[in-house]
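Some notes on the structure that comes next.
The values are calculated or read from the model by the stated rules, or taken from the named source; none is laboratory data. Here the structure is a predicted model, which means the values were calculated and not measured. A quick note on method: Cβ atoms are made from the backbone with ideal geometry, for glycine too, and the neighbour counts reach across all protein chains shown.
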Amino acid sequence: MDLLFYALVVQIASIIVIASVRNNHKASAAAHLLLTAGLVLGLSSSFPALVFSNSSSLNFSSLLNPANIFRFDSLGLFFLNIIQLVAIPTTIYSHSYLRHYIDEGKSVTSNFIFFVLMIVSTQVVVIANHAILFLICWEVMSTTAYLGILFEKEKRDVQTGSFYYLAVSHVAVFLLYIFFFLLHQQTNSWLMSDFHNLQNTGSLFILLYTLGLTAFGIKSGFMPFHFWLPRAHPIAPTIFSAFLSGIIIKMGIYGIFRTYQFFNYAPEWLGWLVLGISLISAIFGVWYALAQHDIKRLLAYHSVENIGIIGIGIGVGFIGSAYNSLPIQILGFGGALLHTLNHAIFKTLLFIGSGVIYQNLGTRNIESMGGLVHRSRYFFILFLIGSIAISGLPPFNGFISEFIIFNGFFTTAKELKNYYPLLMIISAVGLAFVGGLAVACFTKINSIMFLGTERKEIKKFHISNYEYLSLSILAFFCVLIGVYPQPFIGIVNKVLNNGFVTANHSSELLNINWLFISIIFIALLAAIILIFFLKRLIQKKYGKRISAPWGCGYEGLNYRMQYTASSYADELNEIPKSILVYHKKVQSPKGIFPAKGSFESHSVDLIDSKILLPAFRSMSKLICRIKFLSYTDIRYYIAFILITITIYSVIAFLWN
Amino acid sequence: MELTTFVRGIISLLVVLGFAPLFAGLVNKLKAIFTGRLGAPVLQPYSDLKRLFRKETINANSSSFISVISPTINLVAVVIAAAMLPIGFERPLISFEGDIILFAYILGLARFFQILAAMDIGSSFEGMGASREAAFAVFAEPIFFFTLGSIAFISGLTSIYEIYHSIRLDNVTYIVFIIVCSISVFILAVTECSRMPVDDPKTHLELTMIHEVMILDNSGVDLFLYQYSSYIKLFIYAILETSFFYPFGTRSYTVAIVIFVVVITTLSISLAIVETITSRFKMKSIPHYLLFATAIGILNLLIYTFTV
């Protein structure tokens with residue numbers, strides 16, 4: 001396992017390269033090469049560790065691992081693999097992304113350093129065993145992500161949006177401090193491996209559980225803590241928004257899994273709470289996404305949706321844990337884990353895709369795009385694969401994880417009987433509803449951005465080979481996990497059975513007829529290709545030509561007569577007026593010679609505008625009222641800090 | 001899978017593929033009779049398909065490869081969905097634990113590409129149809145899960161074939177439950193197959209269509225593939241409906257076949273009657289109609305859960 005340590009060293013070494021030779025193409029290329037090499041090296045050590053070996057025997061050699069501050073259990077290794085797998089294509093993309101800024105003469109050195117530190121600290125988070133190390137790396141991860149978001153700090157919306165992220169991260173970290181200190185007090189140890197099997201009754205148990213779940217839930221962006229996602233993602237540089245959405249919010253999921261592992265039990269009410277919040281996050285996340293026109297904002301809301309889907313799996317697992325039913329736990333947690341992997345892959349793909357478009361067109365507003373398929377067909381195919389996968393449609397990977405979660409519902413209904421079938425049907429309908437809305441949303445962005453004709457003149461549309469490479473790697477995994485899920489299911493099953501659910505080996509996940517599903521999917525793809533070529537033959541015989549589209553006899557069709565994103569989504573946005581505050585301002589042209597007409601629409605996030613913002617406002621009012629020790633000079637504050645520390649130290653000294 | 005079950009599954013699938021246009025023709029003929037017209041022959045859909053097959057294909061100049069690939073994806077997805085349905089008490093070609101989910105989602109894939117292909121043209125007509133299709137599909141999805149899905153959850157079986165075979169007629173509440181479910185499936189069929197009162201396939205105005213307007217710019221083999229898959233889709237929902245009557249015919253083959261034919265005919269008559277006596281809803285009220293069906297499903301389920 002020492003190889004992993006060297007891999008991390010190599011990754012950090014890339015900082016030195018770019019810092020010593022500042023800001024030119026060669027330095028950037030060398031640094032990216034080194035980082036990619038480090039990540040590949042890391043993956044080549046962590047992947048075999050996850051798949052082939054018994055994880056309890058793995059560790060750094062004792063020199064590198066004083067007092068067991070690292071550990072390599074299957075759960076951590078699983079997340080480590082996800083991080084490295086996603087970081088590789090992101091780094092490849094980062095090379096061509098930063099090149100644009102170097103060309104503009106902007107310094108990218110600091111940005112790259114933050115990027116590397118973020119990747120490295122995230123990797124250490126999942127292998128950290130010592131709680132303090134975990135917290136330090138967690139803090140480094142959050143802060144470097146914040147600094148990365150500030151790349152274009154002269155813009156106003158960057159300042160406000162990133163501040164939301166910073167504030168939310170700090171609330172989460174603050175709760176985590178309390179969480180881990182309480183755990184330390186309980187077990188008298190700082191090692192997470194000693195936290196296992198804590199007592200699971202009493203008020204402290206409930207307090208600890210809620211603390212952990214809230215802190216990690218804030219990080220992953222469950223509703224109502226989702227508000228930082230749509231604010232921070234659009235303004236972040238693409239490499240950061242891809243990594244934020246693909247990986248960092250998954251660290252919250254990692255934390256929730258760890259929290260569960262500490263107690264190895266979840267009460268039933270908690271299962272229902274998590275399931276309910278997750279369903280709400282999923283449904284509203286996708287519904288709000290549908291009303292967005294900013295591609296990155298839209299994808300950020302989709303992250304909320306997918307975190308919701310992961311949460312549904314976790315909720316089902318919790319219910320299984322409450323009833324001590326192994327199959328339910330395996331299917332619930334298994335679906336959640338696999339969806340974590342899947343979402344990391346396709347969300348990174350979509351974010352990088354949107355970054356490529358932003359780089360070329362200089363806008364994130366999908367209403368001014370169109371016809372991009374005629375510029376690059378291959379790019380559209382890659383983006384389309386990601387879109388189909390995220391909508392949960394066969395034959396790609398999104399379907400596989402949602403299928404497992406549906407199976408979790410079925411098994412819960414079957415095992416627990418009573419009124420459970422009813423509740424599970426409602427959850428299943430919720431998930432199916434989310435799927436339907438996701439289809440509506442992704443047909444919207446794909447057709448508005450890529451299909452039809454260009455709405456605005458495109459001066460250049462160039463996609464570099466690095467961008468193609470990074471997108472292709474991600475799309476390849478979308479297809480692979482969809483068409484041949486068996487090995488990935490095997491890995492998830494191993495993670496769950498290796499000290500996560502129980503010692504008993506359960507094969508609930510492997511019992512699903514994956515081979516049959518693979519055959520169907522391969523047959524599906526083969527049949528599509530076959531019929532496609534048959535059609536070609538038929539067309540050769542009976543003719544084929546290209547003509548203008550049907551316009552009721554009107555000849556002057558132009559790009560302005562296409563359906564727009566708002567009109568496409570209007571049908572759906574109109575319905576839930578009370579849920580989604582969707583404003584339309586229509587000024588229709590009047591008179592015989594109409595001069596002007598206008599239409600504008602925008603949507604408001606209800607949880608955001610009606611609950612959170614007023615709460616924040618009144619909170620800040622309250623705090624303003626109690627701030628009597630307010631000075632403009634920073635030296636006063638340093639003095640206050642010193643005084644406080646002295647008082648604490650004296651008290652602590654006297655206490656002992 | 002044994003060879004004989006495989007062959008039988010293939011035969012069932014071929015039955016679906018072969019008779020699908022006939023069913024559509026039957027409905028149209030009956031509808032014509034009810035409205036006092038002579039109507040086209042029952043076998044008209046076959047002639048239509050044959051004619052389309054031999055026509056030249058015209059693609060819009062703004063379209064991309066999506067328009068080319070979408071018809072084939074549509075047909076393949078619908079055929080795979082058809083292969084999951086049991087005819088009589090025959091085990092279908094594709095049958096495994098959880099195939100009910102695949103059934104719903106593979107039809108979703110077909111819809112995904114149908115919508116994309118419509119938007120590919122870049123004309124408002126297709127955009128309108130696509131927007132409506134996407135919106136109504138969102139509300140149709142829950143109906144499926146409240147009907148077939150709820151039987152699955154109650155019986156604990158997750159394969160469509162087994163779900164239908166679990167239907168027993170020994171409990172009055174259960175019978176009522178099944179009957180209401182079949183009504184919901186009927187509403188679902190009307191929606192998904194773009195029949196009246198949700199969509200009018202025979203209207204002459206592009207603004208009022210849903211499905212037809214999406215394929216407005218297709219012709220030749222492309223239209224053939226779309227048309228054929230929509231016939232199969234209609235037949236799929238007809239089979240979903242007839243399958244509720246399996247418990248009556250578990251004894252012998254002939255009984256099962258007779259029941260199948262009788263129920264399919266009754267169904268086509270009722271479809272034709274509905275299409276004759278109703279007019280198309282306003283677009284705005286279609287979601288209400290679908291939510292109404294969903295509400296029936298929920299109520300039905302609640303009543304069943306709390307009486308058993």
Residue check: is A:Gly370 assigned to a helix (DSSP H, G or I), in contact with a helix residue (DSSP H, G or I) (Cβ under 7 Å, 6 or more places away or on another chain) and outside the structural domain of A:Tyr97 (by TED's automatic domain parsing)? no
Among A:Val40, A:Val116, A:Val125, the single one that is surrounded by fewer than 17 Cβ atoms within 10 Å (Cβ to Cβ), under 21 Å from A:Ile248 (Cα atoms) and in contact (Cβ under 8 Å) with a residue 24 or more places away in the chain is A:Val40
How do the pairs read when you match residues in segment A:182-200 that are among the hydrophobic types (A, V, I, L, M, F, W, C) and assigned to a helix (DSSP H, G or I) with residues anywhere that are surrounded by 15 or more Cβ atoms within 10 Å (Cβ to Cβ) and modelled with pLDDT under 85, using Cβ under 7 Å and keeping only pairs 6 or more apart or on different chains? A:Leu183/A:Phe195
So, in segment A:544-560, how many residues would count as being outside any helix (DSSP H, G or I) and loosely packed, with under 13 Cβ neighbours inside 10 Å? 9
Check every one of the helices (runs of 4 or more DSSP H) wholly within segment B:105-217 and list those with 1 or more residues that are over 23 Å from B:Arg280 (Cβ atoms) and more than 14 Å from every other protein chain (Cβ to nearest Cβ). B:160-165, B:172-192
Could you check, for segment B:80-94, whether at least one of its residues is closer than 21 Å to A:Val373 by Cβ and within 7 Å of another protein chain (Cβ to nearest Cβ)? no
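Yes/no matrix, rows are residues, columns are (1) charged (D, E, K, R); (2) assigned to a helix (DSSP H, G or I); (3) without any contact (Cβ under 8 Å) to a residue 40 or more places away in the chain; (4) within 14 Å of another protein chain (Cβ to nearest Cβ):
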| site | (1), (2), (3), (4) |
| --- | --- |
| A:Glu402 | yes, yes, no, yes |
| A:Asn407 | no, yes, no, yes |
| A:Met424 | no, yes, yes, yes |
| A:Val434 | no, yes, no, yes |
| A:Phe442 | no, yes, no, yes |
| A:Asn446 | no, yes, no, yes |
| A:Phe461 | no, no, no, no |
| A:Tyr466 | no, yes, no, no |
| A:Leu474 | no, yes, no, no |
Residue under question is A:Gly362, and the condition is that it be small (Gly, Ala, Ser), away from chain B (no Cβ under 14 Å) and on the phi > 0 side of the Ramachandran plot; does it hold? yes
In segment A:410-422, which residue that is farther than 11 Å from A:Pro327 by Cα and in contact (Cβ under 8 Å) with a residue 12 or more places away in the chain is farthest from the other protein chains (Cβ to nearest Cβ)? A:Leu416
Residue satisfying all of: in segment A:159-171; crowded, with 16+ Cβ neighbours inside 10 Å and in contact (Cβ under 8 Å) with a residue 60 or more places away in the chain; farthest from A:Gly76 (Cα to Cα) among these: A:Gly161
Are there any pairs with C-beta distances below 7 angstrom linking a residue in segment B:271-288 that is over 20 Å from B:Ser184 (Cβ atoms) to a residue that is exposed (fewer than 13 other Cβ atoms within 10 Å of the Cβ), with the two at least 6 apart or on different chains, and if so which? B:Thr276/B:Thr35
Can we say A:Thr214 is more than 16 Å from A:Phe263 (Cβ to Cβ), hydroxyl-bearing (Ser, Thr, Tyr) and modelled with pLDDT of 90 or more? no
Between residues in segment B:39-59 that are under 13 Å from B:Ala20 (Cα atoms) and within 13 Å of another protein chain (Cβ to nearest Cβ) and residues that are buried (at least 16 other Cβ atoms within 10 Å of the Cβ) and of a type in the set (Gly, Ala, Ser), which pairs lie under 8 Å by C-beta distance while being six or more apart or on different chains? none
From the options B:Leu240, B:Leu271, B:Leu225, residue that is within 17 Å of the chain's Cα centre (by Cα), closer than 23 Å to A:Lys535 by Cβ, of a type outside the set (Gly, Ala, Ser) and buried (at least 17 other Cβ atoms within 10 Å of the Cβ): B:Leu225
